[in-house]
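Report on the structure given below.
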Amino acid sequence: MANKVLSKRKLSPAVYQLKIEKPTIARKASPGQFVVIRVDEKGERIPLTIYSPDRKKSFSLVFLVAGLTTRKLASLNPGDCLLDVLGPLGRPSEIPRNKTLVFLGGGVGIAEILPLAEAAKEAGNKIIIIAGFRSQKYVILEEEMRTLSDSLFITTDDGSYGRRGFNTEVLKEMLSKEKIDLVYTCGPVLMMQKAAEITKTLGVGCIASLNALMVDGTGMCGSCRVLVGGKVKLCCVDGPDFDAHQVDFSDLINRQNRFREEEKMVYG
């Protein structure tokens, strides 16, 4: 059976991990790439990062239940199948060697930075992970983060676990006192925007993995266009990684808000 769900794991109240059987993707996927999936014939197409491919037959999807499609996805159980899984898509992330790297993730964005952190560790880099969550019950993949990182910092908005406050506050403090070669960030747009501002001020490079809304994932629809350095780029074919200092985050936020308003008009 194609695209079969091999296992299911609930990571937090609204985040799930599904392991999908798809050898053609598992063998070819590189860190930073994603798939576009469709649950059934009436389902919409959504992009999800490829997490933890085994290089043989399967990979995982980690996702937040936020709408109809992700609710359908979360309802699947081992033995069920996805209708469509297209990938791997996007440009693989560029990983330096023998550097000190910070991976700044927020919420489910942690699942997107961990494949990069794993590849970076294999390339001889020092790995620092700064992960931010709303509260303790929303912390995900902590064991995996501890295994990969040389240093791990966890923040929660309410102080229920780790340090109270935002992960960008930890980032600013760290960059002010320690030599960091490059920062990778993925998560809420406002968090990535703040990371870009901090790193630019302190003269440290920053790569943002953008989560602009996509439809086809192949550059045909243009829905995922972003402004980078004043030029139009498509997240699905030119990204998802971009120089955060060149990204027009205000434009990205406005576009996402317009999509949400349209979605409310259609689905209520």
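Odds and ends about this structure:
- Residue count for segment 209-231 under the criterion of being farther than 28 Å from PHE103 by Cβ and free of Cβ contacts under 8 Å to residues at least 12 places away in the same chain: the result is 2.
- If only residues of segment 37-83 that are among the charged types (D, E, K, R) and not in a loop (DSSP other than H, G, I, E, B) are counted, the one that is nearest to GLY107 (Cα to Cα) is ARG71.
- Yes/no for ASP54 being among the charged types (D, E, K, R) and either in contact with a Cys (Cβ under 7 Å, 6 or more places away or on another chain) or farther than 15 Å from ILE37 by Cα (or both): yes
- Exactly one residue out of PRO53, PRO115, PRO31 is in the same structural domain as PRO240 (by TED's automatic domain parsing), of a type outside the set (Ser, Thr, Tyr) and either modelled with pLDDT of 95 or more or closer than 20 Å to SER209 by Cβ (or both), and it is PRO115.
The values are calculated or read from the model by the stated rules, or taken from the named source; none is laboratory data. Keep in mind that this is a model prediction, so the values were computed, not measured. Cβ coordinates were reconstructed from backbone atoms using ideal geometry, including for glycine residues, and neighbour counts include every protein chain displayed.
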